[in-house]
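Novice: Structure in structure tokens, see below.
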Amino acid sequence: MSEISSVSMGPSDGRASHPYDQERAEKAVRELLLALGEDPEREGLKETPARVARAFKENFEGLWQKPEDVLTTTFDIGHEELVIIRDIEVFSHCEHHLTPFHGVAHVGYIPSGKITGLSKVARLVDLFARRPQVQERLTTQIADALVEILKPMGVIVIIDCEHLCMSMRGVRKSQARTTTSAVRGVLRDATTRAEAISLITNR
């Protein structure tokens, strides 16, 4: 049996094993340009390695964060009914080709009295999305982090995305979308889950 939990990607809990190395990243981008047959010294590309390195640091900043850093604010108000946050924008990168995938996440949970700020849920989605990812793992990580930190009675996460590794290369199916879900706790009950899905899909 794997020792990697459903929240983590490895022994480091899905986070980077060392700080970001800007200089090394710039050298790597320069080498890639050379491998492509380009001239990194030409006018349009002189600053490209530095720009790409800075962009990568931003795009993958979730590697240097942990869920506990995001879900820092909770309120114990005794609320024990569904909370749904719909249409949270998702921007991530497929770990197989480092090409983007994007779409929306819908997150719902039933608190056991303790809630968190709505923006914190969106930040949690961003944290896991800003790592080299697969959508299936991203969905699971969000759900499991909510369970682990908030201890709610139930959680549901649904993510719907277009993957550019599928639409701009390979099979080039630009209309294809991928939907994944993760359900935990009492939301596995058919009636409760149906209520949550109805609230998510009701436009």
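The values are calculated or read from the model by the stated rules, or taken from the named source; none is laboratory data. Just so you know, these numbers come straight off a predicted model, no measurement behind them. Cβ placement follows ideal geometry from the backbone for every residue including glycine, while neighbour counts extend to all protein chains displayed. Protein only, heavy atoms only, side chains kept; ligands, DNA and RNA dropped before computing areas. Shrake-Rupley method; radii C 1.70, N 1.55, O 1.52, S 1.80 Å.
Novice: Hey, any idea what Rg/Rh is for region 83-136, computing Rh the Kirkwood way over Cα pairs? It would help to have the intermediate numbers written out before the result.
Specialist: Working: Rg = 12.6 Å, Rh = 12.0 Å.
Rg/Rh: 1.05.
Novice: FRET efficiency for E31 and E58, Cβ-Cβ distance as r, R0 = 22 Å, nearest 0.05? Write down the numbers at each step before the final one.
Specialist: Details: r = 21 Å, r/R0 = 0.96.
So the FRET efficiency works out to roughly 0.55.
Novice: Roughly speaking, what is the stretch gain from T178 to L199, that is 0.36 nm per residue apart minus the C-alpha to C-alpha distance, in nm to one decimal?
Specialist: On the way: separation 21, 0.36 × 21 = 7.56 nm, distance 2.02 nm.
Here the segment from T178 to L199 would lengthen by 5.5 nm.
Novice: Out of the DSSP beta bridges found with both residues in the chain, what percent are antiparallel (nearest 5)?
Specialist: Working: 31 of 33 bridges.
Once the DSSP bridges in the chain are tallied, antiparallel ones form about 95 percent.
Novice: Can you pull the percent of region 46-197's accessible area that's carbon plus sulfur, 1.4 Å probe, other chains left in place? Let's see the in-between values first.
Specialist: Values: 3790 of 7480 Å².
About 51 percent, which is the carbon plus sulfur part of the accessible surface.
Novice: Show me 90-97, 158-165 ranked by packing, highest mean number of other Cβ atoms within 10 Å first. Provide the component values of the computation, followed by the final result.
Specialist: Working: 90-97: 17.2, 158-165: 20.0.
The peptides rank, most packed first, as 158-165, 90-97.
Novice: Estimate the FRET efficiency between H79 and E148 by the formula 1/(1 + (r/R0)^6), using the beta-carbon distance for r and 25 Å for R0, to the nearest 0.05. Walk me through the numbers on the way to the answer.
Specialist: Details: r = 19 Å, r/R0 = 0.78.
It comes to 0.80.
Novice: Ranked from highest to lowest mean number of other Cβ atoms within 10 Å per residue, what is the order of the peptides 67-75, 120-128?
Specialist: Working: 67-75: 15.2, 120-128: 22.2.
Taking the mean over residues of other Cβ atoms within 10 Å, the ranking is 120-128, 67-75.
Novice: What does the extension gain come out to for A16 and E47, with contour length at 0.36 nm per residue minus their alpha carbon separation?
Specialist: Numbers: separation 31, 0.36 × 31 = 11.16 nm, distance 2.59 nm.
Full-extension gain reported as 8.6 nm.
Novice: While we're here: Going by alpha carbons, how many degrees (0 to 90, nearest 10) lie between the helix axis of 48-59 and the longest principal axis of the chain?
Specialist: 10 degrees
Novice: For the chain, what is the Kirkwood estimate of the hydrodynamic radius, computed as the reciprocal of the mean inverse distance between distinct Cα atoms, to one decimal in Å?
Specialist: Working: mean 1/r = 0.0539 Å⁻¹.
For the chain, the Kirkwood estimate is 18.5 Å.
Novice: Moving to a separate point now. Return one whole number: the accessible area per residue of region 112-203 in Å², for a 1.4 Å probe. Display every interim value, and only then the final one.
Specialist: Values: 4390 Å² over 92 residues.
Roughly 48 Å² per residue, with all protein chains present.
Novice: Only helical DSSP H runs with n ≥ 4 go in: add -39500 (n - 2.57) per run for the chain, normalise by residue count and round the 222 nm mean residue ellipticity to 500 deg cm²/dmol.
Specialist: Rounded to the nearest 500, the figure is -11000 deg cm²/dmol.
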